[in-house]
1. Here is a list: THR66, THR58, THR71. Which entry is open to solvent by 70 Å² or more (accessible area, probe 1.4 Å) and modelled with pLDDT of 80 or more?
2. How many residues are open to solvent by less than 40 Å² (accessible area, probe 1.4 Å) and either within 31 Å of the chain's Cα centre (by Cα) or over 19 Å from ALA240 (Cβ atoms) (or both) if we restrict to region 197-220?
3. Pick out, from region 188-248, the strands (runs of 3 or more DSSP E) lying fully within it that include 2 or more residues that are of a type in the set (Ser, Thr, Tyr).
4. Within region 170-183, which residues are open to solvent by less than 50 Å² (accessible area, probe 1.4 Å) and within 26 Å of TYR57 (Cβ to Cβ)?
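The values are calculated or read from the model by the stated rules, or taken from the named source; none is laboratory data. Given the structure is predicted, the values throughout are model-derived calculations rather than measurements. Neighbour counts run over all protein chains shown; Cβ positions are idealised from the backbone, glycine included. Heads up: the accessible areas ignore ligands, DNA and RNA and are worked out on the full protein's heavy atoms, side chains in. Shrake-Rupley method; radii C 1.70, N 1.55, O 1.52, S 1.80 Å.
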Amino acid sequence: SVIYFLVVILIYKQWYQRRVRGGCGACADDAVNCVDCASNDCLEFFSTIVSFQCKKYTAANEAEGTSTCLTNTEQKCNRAIGAAAPTNDGCGPGANDADYVTCEGASCNEGMCNSDAEGTVTLCGADATKCKRPTFTDWVGWTAVNGDNAWGCGECGEAAQGCFDCDLADDTLNCNKLETATFKCYDYEVSGEKLVKKTGDAGACPMRADTDGKCNYPGSAATKTYSVNNNGCGPCADDAAADTCEECEEQECGAQATALSVLAVLAAMFAMM
């Protein structure tokens, strides 16, 4: 009975090796994940296979432990962007460049930051704790990029100018992302002895996506020396003198309002005659 048992084990081992593992002979007809090779050393690639870990994420892009990955080439991990579903439990490259970001090295798919204002994503690795970017001011726009405030992984230095950083939690998605929008307003210039709307289309005023759009324009008391705040974008300056500045909340609204103000002044002058 013992000999019979050993024979059964040996037969099963040979069948298993031919069906699902490397070994001598051709793959069985019903073999799973088996490839035939013709030379004596064609199985050497098994010795090059290494295991490494990648961060695993749920469909909601929340951290869910780690995955053990196998490869005989470069060690790569991936992470889904937006609503894309996780692929291969984070192991290997993503299915495409539009929905996944791929990085090289074990556990490199931890920490996700934006690398530009357009929303390009980069992975920072397990040691990253912060994301950074240039500061943004409504009606003015982005601070110019310099050596200290560039988009990406890391924190602002103590002497950094125009730099914003944020904490990168394990399941945080690009905390340095900022949704922006534009609002159209007219700018004004001196013509003769008065301020008039500049020719051409209204300017595109930068603002955060959740900011209420607003334009400012010269008021009835504005003279040709008055300086229009932020080229007509956003509200009046806090220190604007009385009646030198007016505000409106519709796109391209300043031109019509200014024309009405001028008509009101002319009407008042004729009334005094």
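1. Checking each option against the conditions leaves just THR66.
2. So the count comes out to 8.
3. Fully inside region 188-248 and qualifying: 188-191.
4. Listed by number, the residues that qualify are THR172, ASN174, CYS175, ASN176, LEU178.
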